[in-house]
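Read-outs throughout are calculated quantities, based only on the coordinates presented, and are distinct from any laboratory measurement. Remember, it's a predicted structure, so these values are computed and weren't measured experimentally. Here the Cβ positions follow ideal geometry from the backbone for every residue, glycine too, while neighbour counts run over all protein chains shown.
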Amino acid sequence: MSQLLLSNKMLKYSLIVAVCESFGIGIKGDLPWHIKSELKYFSQTTKRVTDPQKRNVAIMGRKTYFGIPASKRPLPDRLNIVLSRTLTPADLPSDVLLCPDLETAMQKIENEEIGNQIENVWIVGGSGVYAEAMKSPRCHRLYLTQIKGNFECDTFFPEIPPSFCEVPLDAETPRGIQEENGIKYEYKILEKQ
Ligand SMILES: NC(=O)c1ccc[n+]([C@@H]2O[C@H](COP(=O)([O-])OP(=O)(O)OC[C@H]3O[C@@H](n4cnc5c(N)ncnc54)[C@H](OP(=O)(O)O)[C@@H]3O)[C@@H](O)[C@H]2O)c1
């Protein structure tokens, strides 16, 4: 994977999201679709490290964290960071980091001891976190799964700025139209120029 992490000592991150044609991403705190192979791609992509001594970070908003089934959170093999101004550390497992905002989270990773044990940083939602993340110079790439068709959604991905351009897929990313249970989808990677 060609994810650029350190550029002029500023730690960068990438976003990963699955969107339907209306740019919907969620409904009632859950995903609007059930596509096991897409969840597997999310898991493999956000876990992948070249240095086996390191792990990746997954940064997410409060609702995204609690939208993950209780048995599957925190996301395993990744440092989970939850953004919230209403939770207290006691509301989360002790191995989950709570931060009041995205920049505080990034500075914690950059400045503290944990930074040495981290390879990639992933922004995994939701809506407001994605919007803030795309505007930042820290943003490297957007790993976008385009779900064909429309699903009922109450949460949407923000507009992608024109500075994001499609780049060739990583070697690990499946190419072409995928299909599971009649739902067609395709992986894309966009890079912020
Ligand atoms: N399709 C996908 O790939 C995908 C990915 C992720 C999520 N989702 C779906 O999206 C929905 C959840 O997303 P959402 O947009 O509703 O909520 P969210 O962003 O996950 O959570 C919102 C909460 O997170 C905190 N927060 C968000 N942005 C913050 C920021 N920049 N700084 C500090 N705190 C921040 C706030 O918590 P406090 O109110 O506690 O301060 C806010 O109320 C679910 O349905 C989920 O399944 C889909």
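What trypsin sites (Lys or Arg not before Pro) in the range 56-164 are in a loop by DSSP, with at most 11 other Cβ atoms within 10 Å of the Cβ? Listed in order of number, the matching sites are Arg85. Which of the three applies to the range 17-86, rounded, prolate or oblate, going by the alpha-carbon gyration tensor with a ≥ b ≥ c and a/c under 1.5 meaning rounded? The shape class here is oblate. Computed over the chain, the per-residue total of -39500 (n - 2.57) for DSSP H runs of n ≥ 4 gives a 222 nm mean residue ellipticity of -5500 deg cm²/dmol, rounded to 500.
Given the range 6-192, report the % of alpha carbon pairs whose separation exceeds 25 Å. In whole percent, the share of Cα-Cα pairs in the range 6-192 beyond 25 Å is 32. Using the Cα centre of the chain as origin and beta-carbon charges of +1 (Lys, Arg) and -1 (Asp, Glu), tell me which of Gln193, Val121, Thr155 is placed farthest towards the positive end of the dipole. After comparing all options, I get Val121. The H on the amide N of Val57, modeled in the peptide plane, is under 5 Å from the matching H of Leu79, Glu119, Asn120, Val121, Trp122, each at least 5 residues off or on a different chain.
Applying both filters, DSSP loop and at most 13 other Cβ atoms within 10 Å, to the GluC sites (Glu not before Pro) of the range 142-179 gives Glu152, Glu159, Glu172. Spatial offset of the range 156-182 relative to the range 90-121 amounts to 27 Å, using the alpha carbon center of each.
Each residue, Lys184 and Asp77, gets one label point 7 Å from its Cα in the Cβ direction; the gap between the two is 3.2 nm.
Here r is the Cβ-Cβ distance between Glu152 and Ala131 and R0 is 25 Å; the resulting FRET efficiency, rounded to 0.05, is 0.70. A Förster radius of 45 Å combined with the Cβ-Cβ distance from Arg48 to Thr88 puts the calculated FRET efficiency at roughly 0.90.
Straightening the chain between Arg175 and Glu21 buys 53.6 nm, computed as 0.36 nm per residue apart minus the Cα-Cα spacing. Across the chain, the mean sequence separation of Cα contacts (distance under 8 Å, 6 or more residues apart), normalised by length, yields a relative contact order of 32 percent.
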